[in-house]
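Visitor: Sending over a structure as structure tokens; questions will come in a sec.
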Amino acid sequence: MLSGMHRAYVASVGLVSSAFIGLLASCGTDAGVTPTDAGPTPTTSASVPGPTGQGLPCDVQRVLADNCWKCHSSPPKFGAPMPLTTHAQLIAAATSDATKKVHERVVKRIHDEAAPMPQAPNPRLSAADMAVLDAWSAAGAPASTAPCNPPPPGDAGPTEPLACTPDISVAPSEPWTMPEADANDYVCYGVNVTSPTDKHIVAIAPRIQNPSIVHHVLIFKSDSAYPTKPQKCPSGGSLQWRLMYGWAPGGKNMVMPPEAGFAVKAGQTTNFVVQVHYNNARRLVGQTDTSGVELCTSAPRQFEADVLAFGTQKIDIPRKSELEKTCSVTVPAALAGRKVFAAMPHMHELGSAIETRLTKAAGGAEVDLGSVPRWDFNTQFWLPISATLDANDVVKTRCAWKNSTDRDVKFGENTEDEMCYSFTMYYPRIDTALWTWAVPALGSQCR
């Protein structure tokens, strides 16, 4: 049974009702404040300004406003390739298949179990909303002259503010300029913080400056400083950094459990590295961005948090084949007593499923430590979990891939390589020179 405070925390991590950070185009309380804020709620027609009298039947407009306009607005946001706000836009030829109308592609995607729209972590359409779009499309997507009640004006921004007041702002030293010819860029920059006192980072939120091209934001801790000027990320760089948080459209702020936080040590330089994925599917000209991350700190809490990774680096997927691998690690005494509270499963574009489960040594009960049965490289985010690791417990991570390419694929940092990691937040942090975040994955046995 979770405490009331921990239940509030679990809600805030970001598992959105019935839905399930290198990503591609889609559409992603502080101490002293009662931790009941659950972060951003799914965008609805009550909070998204939109058109009226644009030829759409009112029930169709409502469904699109509730479920699609967060990204498919006019102009589109977060790398979405087109707006879905007028009748003319819905009956145009689809860019992905000129033989189909946009409304036909919309209907196909809302029913697509492998790659649904809206993408997670946004919830799937309800059966009733699907029925509205199905019936309208099947009837030939007729126009309407009926006046619709416009959604009232409101803030349709990508994120919501933290309940605390951020006191560390992580931002680049200058804007990144997106090359018109690039559809996707992964850009990194560093920020170095020195504090006169010990404190803990207790809440994290993205700050999205240009939603037209920003698709995801990750923040890491690094042992060494990284340049403050944004530049294309180095191959393999993030393998040396320690992931703290990731955001994608529809994702939520990270609010730490009340007993733990990420440490900032007095008199020591804390090195942060931010990775921003830019998606410029529409080839917009002159786009710049200074997106970053806002952090709230408090006095040190009882425990220091950290991130480890279950899974494996033993990956070899032959061309034109499918592969499934289950890798297990027995919890050593050094990890006993650690609380795990959030997980972000991670694979690349060939992944089809990933799940991590804990089997307790005492009694054999199983605990889900983060499962994505239909993997989508475009949507990766933190899942709330709750378990205590005990000596001799077994953690198993299963990854499955479908390699339709003409090349063999192995483990690697690049998008065309593959991974099988479940990044897992835990406390108290293991503080020894022999420990790195990848130890559980490196020591796993696979079959």
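Visitor: Applying the selection to segment 58-72, what residues are polar (S, T, N, Q) and either surrounded by fewer than 24 Cβ atoms within 10 Å (Cβ to Cβ) or under 15 Å from Pro142 (Cα atoms) (or both)?
Guide: The answer is Gln61, and nothing else.
Visitor: Quick check on this structure: which one of Ala342, Ala353, Ala400 is open to solvent by less than 40 Å² (accessible area, probe 1.4 Å), outside any loop (DSSP other than H, G, I, E, B) and touching an Asp or Glu at 6+ places or on another chain (Cβ under 6 Å)?
Guide: Numbers: Ala342 fails: touching an Asp or Glu at 6+ places or on another chain (Cβ under 6 Å); Ala353 fails: touching an Asp or Glu at 6+ places or on another chain (Cβ under 6 Å).
Unique residue meeting the criteria: Ala400.
Visitor: Something else about it: What pairs come out if I take residues in segment 58-72 that are on the phi < 0 side of the Ramachandran plot and pair them with residues that are among the basic types (Lys, Arg) and assigned to a loop (DSSP other than H, G, I, E, B) whose C-beta lies under 9 Å away, six or more apart or interchain?
Guide: Asn67/Arg124; Lys70/Lys77; Cys71/Lys77
Visitor: Quick one: Trp375 ticks every box in (1) open to solvent by 40 Å² or more (accessible area, probe 1.4 Å); (2) touching a Ser or Thr at 6+ places or on another chain (Cβ under 7 Å) bar one, so which box is it?
Guide: (1)
Visitor: Of the numbered conditions (1) of a type in the set (A, V, I, L, M, F, W, C); (2) open to solvent by 10 Å² or more (accessible area, probe 1.4 Å); (3) at pLDDT 95 or above, Leu369 satisfies every one except a single condition; which is it?
Guide: (2)
Visitor: Looking for whichever is at pLDDT below 95 and open to solvent by 20 Å² or more (accessible area, probe 1.4 Å) here; the options are Pro175, Pro206, Pro234, Pro227. Which one fits?
Guide: After ruling out the rest, the residue left standing is Pro234.
Visitor: Something else: Are any of the residues in segment 48-56 modelled with pLDDT under 50, crowded, with 17+ Cβ neighbours inside 10 Å and closer than 21 Å to Asn253 by Cβ?
Guide: Looking through segment 48-56, at least one residue is modelled with pLDDT under 50, crowded, with 17+ Cβ neighbours inside 10 Å and closer than 21 Å to Asn253 by Cβ.
Visitor: Right, another one. Which count do you get for residues in segment 325-339 that are surrounded by fewer than 20 Cβ atoms within 10 Å (Cβ to Cβ) and in a strand (DSSP E or B)?
Guide: 5
Visitor: Take the residues in segment 179-199 that are among the hydrophobic types (A, V, I, L, M, F, W, C) and out of contact with any Ser or Thr (no Cβ under 7 Å at 6 or more places or on another chain); name whichever of them is nearest to Val285 (Cα to Cα). Reasoning before the result, please.
Guide: If we filter segment 179-199 for residues that are among the hydrophobic types (A, V, I, L, M, F, W, C), which is where we start, we get 181, 183, 187-188, 191, 193.
With the extra rule that they be out of contact with any Ser or Thr (no Cβ under 7 Å at 6 or more places or on another chain), the set shrinks to 181, 183, 187-188.
Details: Ala181: 9, Ala183: 12, Val187: 18, Cys188: 21 Å.
Per the criteria, the residue is Ala181.
Visitor: If I filter segment 190-202 for residues that are open to solvent by 20 Å² or more (accessible area, probe 1.4 Å), in contact with a Lys or Arg (Cβ under 6 Å, 6 or more places away or on another chain), outside any loop (DSSP other than H, G, I, E, B) and among the charged types (D, E, K, R), do I get at least one hit?
Guide: Within segment 190-202, none of the residues are open to solvent by 20 Å² or more (accessible area, probe 1.4 Å), in contact with a Lys or Arg (Cβ under 6 Å, 6 or more places away or on another chain), outside any loop (DSSP other than H, G, I, E, B) and among the charged types (D, E, K, R).
Visitor: Look at Pro142 and say whether it is touching a strand residue (DSSP E or B) at 6+ places or on another chain (Cβ under 8 Å) and surrounded by fewer than 21 Cβ atoms within 10 Å (Cβ to Cβ).
Guide: The answer is no for Pro142.
Visitor: Here are Pro75, Pro40: which of them is modelled with pLDDT of 50 or more, surrounded by fewer than 22 Cβ atoms within 10 Å (Cβ to Cβ) and under 30 Å from Cys233 (Cβ atoms)?
Guide: The match here is Pro75.
Visitor: Among (1) under 30 Å from Asn253 (Cα atoms); (2) assigned to a loop (DSSP other than H, G, I, E, B); (3) of a type in the set (A, V, I, L, M), where does Leu434 come up short?
Guide: Only one criterion is unmet by Leu434, namely (1).
The values are calculated or read from the model by the stated rules, or taken from the named source; none is laboratory data. A quick note: this is a predicted structure, and the numbers were derived from the prediction, not measured. Here Cβ is always computed from backbone atoms with ideal geometry, including for glycine, and neighbour counts include all displayed protein chains. Quick note on the areas: whole protein, heavy atoms, side chains included, nothing else; ligands and nucleic acids left out. Shrake-Rupley method; radii C 1.70, N 1.55, O 1.52, S 1.80 Å.
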